[in-house]
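As structure tokens, the structure follows; a few thoughts come after it.
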Amino acid sequence: MEEMVNVYLYGKKYTVPASLTIMEAFEYSGYQLVRGCGCRNGFCGACATIYRIKGEHMLHGCLACSTQVADNMYVASIPYFPLEKKIYSIEEIKPTEEIMMQLYPEIYACVGCNACTKACTQQLKVMQYIAYAQRGEYEKCAEASFDCVMCGVCSTRCPAGISHPQVALLARRLTGKYIKPEAKHLTKRVEDIANGVFDDAVAEIMGKSVEELKDMYNNREIEK
């Protein structure tokens, strides 16, 4: 017999198989997910979730699609969190220390509590990459934040109101545009797409059935 555990979804108790992820537990319990379910593979950040185990003080951040349920888990999903997103043209700004100060001055109000790092669903050193951004070390910030999925859980825990994912995204854009050398193979591929080199291949794929597409995917050649 499969092991069952008790979970509390939005405060209501449900008994579900212990093998399920939090997202699967929602569906098993009768919830119909119409948003916040994204890729279901831990890449899109749409299923940001907060949970606490009964009797423990620690509040955890996670992605519901890739986190297994546990007994006496109290769960609340946060499908959207309002991050502060500044509007700018990457063609008009430069990777100066002043640009971060102009667009995201709140990073300098960081109190060093490290709550962002503790909440990160990807186990990133969030406070560290914010420190890099403060110092204008955008390449380091870009590298340290590369696996960010923009879920926003870090920002929900920040007393300074920092929108960490947007800061990291700006650092990665500045790094890609101005600091890293041009990826010439990517530039050529973009030109090929614009010149219609792949139009026939795309048209062929668009004409295939779902079953044919599944067969192509399952039997594709994977680079080593």
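The values are calculated or read from the model by the stated rules, or taken from the named source; none is laboratory data. Because the structure is a prediction, the values reported are computed rather than measured. With ideal geometry, Cβ positions are generated from the backbone for all residues, glycine too; neighbour counts draw on all protein chains shown. Only protein heavy atoms, including side chains, enter the accessible area calculation; ligands, DNA and RNA are left aside. Shrake-Rupley method; radii C 1.70, N 1.55, O 1.52, S 1.80 Å.
Restricting I50, I99, I90, I78 to those that are farther than 16 Å from A168 by Cβ and either of a type in the set (F, W, Y) or in contact with a Leu (Cβ under 9 Å, 6 or more places away or on another chain) (or both) reduces the list to I50.
The residues on offer are V167, V149, and the sole one that is under 16 Å from the mean Cα position of the chain (by Cα), within 15 Å of A48 (Cα to Cα) and crowded, with 16+ Cβ neighbours inside 10 Å is V149. The criterion of being touching a Phe, Trp or Tyr at 6+ places or on another chain (Cβ under 8 Å) and either open to solvent by less than 100 Å² (accessible area, probe 1.4 Å) or over 28 Å from I90 (Cβ atoms) (or both) holds for I179.
Residue check: is A115 under 20 Å from Y51 (Cα atoms), of a type in the set (A, V, I, L, M), more than 16 Å from the chain's Cα centre (by Cα) and surrounded by 15 or more Cβ atoms within 10 Å (Cβ to Cβ)? Against the criterion (under 20 Å from Y51 (Cα atoms), of a type in the set (A, V, I, L, M), more than 16 Å from the chain's Cα centre (by Cα) and surrounded by 15 or more Cβ atoms within 10 Å (Cβ to Cβ)), A115 qualifies.
For region 26-60, a residue qualifies if it is crowded, with 18+ Cβ neighbours inside 10 Å, among the aromatic types (F, W, Y) and within 17 Å of Q122 (Cα to Cα), and exactly one does: Y51. Of everything in region 1-18, what is open to solvent by 80 Å² or more (accessible area, probe 1.4 Å), assigned to a strand (DSSP E or B) and within 16 Å of Y31 (Cα to Cα)? Give them in sequence order. Across region 1-18, the qualifying residues are K12, K13.
For first residues located in region 25-42 and part of a loop (DSSP other than H, G, I, E, B), partners that are of a type in the set (K, R) and lie 6+ apart or on another chain with Cβ distances below 9 Å form the pairs S29/K12.
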